[in-house]
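The block underneath contains the structure these notes are about, expressed in structure tokens.
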Amino acid sequence: MSNKLFLHYQKTDIGTVGIAECGGCITHLFFEPGSLLPDAEILETMLISEAFRQLNSYLAGKLKRFSLPLSPPGTPFMQDVWNVLCTIPYGTTVTYKEIAAAVGNPLAVRAVGMANHRNTIPLFIPCHRVIGSDGTLTGYRGGLALKKHLLELEQSFR
């Protein structure tokens, strides 16, 4: 498989989104229309096309679980956190503390927050489903309004 990086932008129900692929895996999702990756070729590959198909189906309430090969860059701890995030059921939320416990380090709440912050594939790795211990919405790469919208969307199609 090629290690060439491909990036494509498309309008969706939540605005213009960019999805990147490298080596046959999705590596990035951008909410900002001007985001670029160094050395990325602007091209819609078959995998990126499938990722947009699944994303649009999710946003329409028809898809509850993504089935895409994902490869976000990150440390082993971040990978562990992201793997746990992928197990959070559609329409539910968990706390950073619960994620820390699930990765075997209940005191690593801040590190879990940082792993969420560094998640390069939001939505496909559902970090929007993680909330504060008091039930408040906390940071999200796409903004708190989008996080709230996604959680409400999932609740309405549960």
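Here are the numbers for this structure:
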quantity: Residues located in segment 1-34, provided they are among the small types (Gly, Ala, Ser), part of a loop (DSSP other than H, G, I, E, B) and in contact (Cβ under 8 Å) with a residue 24 or more places away in the chain; calculated: Gly23, Gly24
quantity: Residue within segment 62-70 that is of a type in the set (Phe, Trp, Tyr), in contact with a Cys (Cβ under 8 Å, 6 or more places away or on another chain) and either more than 27 Å from Thr87 (Cα to Cα) or touching a residue at least 40 places away in the same chain (Cβ under 8 Å) (or both) present; calculated: no
quantity: Checking Pro72 against (1) over 12 Å from the mean Cα position of the chain (by Cα); (2) not in a helix (DSSP H, G or I), the condition it does not meet; calculated: (1)
quantity: Inter-residue pairs, beta-carbon under 8 Å, first in the same structural domain as Asp134 (by TED's automatic domain parsing) and in segment 90-112, second basic (Lys, Arg) and surrounded by 18 or more Cβ atoms within 10 Å (Cβ to Cβ), 6+ apart; calculated: Thr92/Arg129; Thr93/Arg129; Val94/Arg129
quantity: Segment 9-58 - residue that is of a type in the set (Gly, Ala, Ser) and farther than 20 Å from Ala145 by Cβ and, of those, surrounded by the most Cβ atoms within 10 Å (Cβ to Cβ); calculated: Ala51
quantity: Any hit, segment 133-146, residues being among the aliphatic types (A, V, I, L, M) and under 29 Å from Pro69 (Cβ atoms); calculated: yes
quantity: Filtered residues of segment 81-94 (kept if in contact with a helix residue (DSSP H, G or I) (Cβ under 9 Å, 6 or more places away or on another chain) and within 25 Å of Leu5 (Cβ to Cβ)); calculated: Val81, Trp82, Leu85
quantity: The one condition in (1) in a loop (DSSP other than H, G, I, E, B); (2) touching a strand residue (DSSP E or B) at 6+ places or on another chain (Cβ under 8 Å); (3) at pLDDT below 95 that Glu44 fails to fulfil; calculated: (3)
quantity: Test: residue in segment 131-148 that is under 16 Å from Asp80 (Cα atoms), under 14 Å from the mean Cα position of the chain (by Cα) and not in a helix (DSSP H, G or I); calculated: no
quantity: In segment 35-45, the residues that are in contact (Cβ under 8 Å) with a residue 24 or more places away in the chain and among the hydroxyl-bearing types (Ser, Thr, Tyr); calculated: Thr45
quantity: Options Ile88, Ile99: the member that is surrounded by 19 or more Cβ atoms within 10 Å (Cβ to Cβ), among the hydrophobic types (A, V, I, L, M, F, W, C), over 14 Å from the mean Cα position of the chain (by Cα) and within 14 Å of Asn119 (Cβ to Cβ); calculated: Ile99
quantity: Residue in segment 86-105 that is closer than 26 Å to Leu37 by Cβ and either in a helix (DSSP H, G or I) or modelled with pLDDT of 95 or more (or both) present; calculated: yes
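The values are calculated or read from the model by the stated rules, or taken from the named source; none is laboratory data. Computed from a predicted model, the values in this text were never measured in an experiment. No Cβ is skipped: glycine too gets one built from the backbone with ideal geometry, and neighbour counts run over all protein chains shown.
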